[in-house]
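Enquirer: One structure, as structure tokens, below. Some questions next.
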């Protein structure tokens, strides 16, 4: 291969080698000690967040308009569907009311102290998954708004991820489908515990379930609250397949068209803790639910 | 003096444009499934300047844009820097072959480079995760990257027009 004109001189050639080794070095250090570049990441992300926020707003508005136009087309069918759903939900509401009363009475009998003081914060998604092999998004709220590492991120449908790093006015949410995501979960009906492990596919795997656990497609998965970071009982998904290559879970929440998400502040630090590099969280985080 | 400053400022355009493309690449488009096929916009920029004006995108800028993109996308740091440095050097080495050729040839060259970069990225990120990641989304992203290159080229052509000629700053 011919050496390029811009790489002709010795100085430039050594600059190339130096930078290439530099890139490799950054990769190796980043792998060995992921926290070493955390601060740099946070600073840059915080700087870019306002720009991303500004660009993503009109894009979101435009796509909402397009969605509105589409829904105008099949208004009648949609109306029908909603009416049926409403009927069904009313039945559920009645069921929930009576269960709630029963639950409260039983709790009273047991003298049970619920510890679920939760606070919700809404944040806008300003940065999408960047590329085919990465499953995390940027949001426009950070430590200044009380966002903390490890908080659960949910959409209206269910759990979508957890906060992985926090800047002052931006934060990164690691989606449950990412290969680095591990969420303690429990099968709602049978109380079989497990860990939901992402592997970059649309359906994460359910691992570490006991060997003789009864697993069947259609079982509902919720967060277990183990590790004390996530509140227990957040809906996660349904068991999709049980087979030779493990158990797959189809999440309720989808990262497509995710304009806003909610962060659940459970007021606990749990096993995640705060990375040393993370800016000190304001007292709002600490005051909730202790 | 002022003219000099202005010349220098215009020379940073390819770098700024590349950085801007890195930001643009992660703007949520709210299109179902789009994130999976999100094209590698920055690579288009690296490729174009490597062929037509390698002097205006110094190696350190290539390195920096890669780092910047990795930070924004949450990728393991250094992966894009590495991939872009290698592509830039290889393409700049072959630039005489591409200059003066019609667009189809340049596009074909880009398809080759994009394939190599997507493959390298898959390899590095898999290595980082310590597991073999499903490469299928990479294929989609590759397709969209190649498909979007002609549009990007228009943008680069416009930018190149306002760049100072080499005689002005040499």
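The values are calculated or read from the model by the stated rules, or taken from the named source; none is laboratory data. Keep in mind the model is a prediction, meaning the values are calculated, not measured. Don't worry about glycine lacking a Cβ; one is built from the backbone with ideal geometry, like all the others, and counts go over all protein chains shown.
Enquirer: Show the residue pairs that are 6+ apart or on different chains and have beta-carbon atoms under 6 Å apart, the first residue being within segment A:36-47 and facing another protein chain (nearest Cβ under 10 Å), the second being in a helix (DSSP H, G or I).
Expert: These pairs meet every condition: A:36/A:29; A:37/A:30; A:41/B:71; A:44/B:71.
Enquirer: Pick out the one residue from A:225, A:237 that is in contact (Cβ under 8 Å) with a residue 40 or more places away in the chain and in a loop (DSSP other than H, G, I, E, B).
Expert: Criteria check complete, one pass: A:225.
Enquirer: Would you confirm, using the coordinates I've provided, whether residue B:43 is facing another protein chain (nearest Cβ under 7 Å), over 20 Å from residue B:128 (Cα atoms) and at pLDDT 90 or above?
Expert: Against the criterion (facing another protein chain (nearest Cβ under 7 Å), over 20 Å from residue B:128 (Cα atoms) and at pLDDT 90 or above), residue B:43 does not qualify.
Enquirer: Counting only residues that are over 16 Å from residue A:171 (Cα atoms) and more than 13 Å from chain B (Cβ to nearest Cβ), which one in segment A:254-271 is modelled with the highest pLDDT?
Expert: Across segment A:254-271, the extreme among qualifying residues is A:266.
Enquirer: May I pose another question? From A:164, A:153, grab the single residue that is within 13 Å of the chain's Cα centre (by Cα), in a strand (DSSP E or B) and surrounded by fewer than 24 Cβ atoms within 10 Å (Cβ to Cβ).
Expert: A:164
Enquirer: Quick one: residue A:53 ticks every box in (1) modelled with pLDDT under 85; (2) in contact with a strand residue (DSSP E or B) (Cβ under 6 Å, 6 or more places away or on another chain) bar one, so which box is it?
Expert: Just one mismatch for residue A:53, condition (1).
Enquirer: Another one. If I go through segment A:239-253 residue by residue, how many of them are touching a strand residue (DSSP E or B) at 6+ places or on another chain (Cβ under 7 Å) and within 14 Å of chain B (Cβ to nearest Cβ)?
Expert: Of the residues in that region, 3 qualify.
Enquirer: On to the next question. Kindly indicate the residue of segment B:69-85 that is in a helix (DSSP H, G or I) and at the interface with another protein chain (Cβ under 7 Å from one of its Cβ atoms) and also nearest to residue A:12 (Cα to Cα) among those meeting that condition.
Expert: B:85
Enquirer: Further question: Please find, within segment A:240-256, the residue that is nearest to residue A:160 (Cα to Cα) out of those that are more than 19 Å from the chain's Cα centre (by Cα) and in contact (Cβ under 8 Å) with a residue 24 or more places away in the chain.
Expert: Residue satisfying both the conditions and the ranking: A:240.
Enquirer: Which is without any contact (Cβ under 8 Å) to a residue 40 or more places away in the chain and over 30 Å from residue B:115 (Cβ atoms), of A:106, A:174, A:206, A:196?
Expert: Answer to the check: A:106.
Enquirer: If you scan segment A:50-66, which residues turn out to be over 22 Å from the mean Cα position of the chain (by Cα) and more than 8 Å from chain B (Cβ to nearest Cβ)?
Expert: Result: A:54, A:58, A:61, A:62, A:65, A:66.
Enquirer: Residue pairs, Cβ under 6 Å, 6 or more apart or interchain, first in segment A:18-35 and within 7 Å of chain B (Cβ to nearest Cβ) and at pLDDT 90 or above, second buried (at least 17 other Cβ atoms within 10 Å of the Cβ) and assigned to a helix (DSSP H, G or I). List them.
Expert: Once the first residue is within 7 Å of chain B (Cβ to nearest Cβ) and at pLDDT 90 or above and sits in segment A:18-35, its partners that are buried (at least 17 other Cβ atoms within 10 Å of the Cβ) and assigned to a helix (DSSP H, G or I) give A:19/B:59; A:19/B:63; A:19/B:85; A:20/B:85; A:23/B:81; A:23/B:82.
Enquirer: Another question, then. Kindly check whether there is at least one residue in segment B:90-107 that is at the interface with another protein chain (Cβ under 9 Å from one of its Cβ atoms), in contact with a helix residue (DSSP H, G or I) (Cβ under 9 Å, 6 or more places away or on another chain) and under 19 Å from residue A:135 (Cβ atoms).
Expert: Within segment B:90-107, none of the residues are at the interface with another protein chain (Cβ under 9 Å from one of its Cβ atoms), in contact with a helix residue (DSSP H, G or I) (Cβ under 9 Å, 6 or more places away or on another chain) and under 19 Å from residue A:135 (Cβ atoms).
Enquirer: So, one more: Taking segment A:127-137 as the region of interest, how many residues are in a strand (DSSP E or B) and more than 7 Å from every other protein chain (Cβ to nearest Cβ)?
Expert: 1
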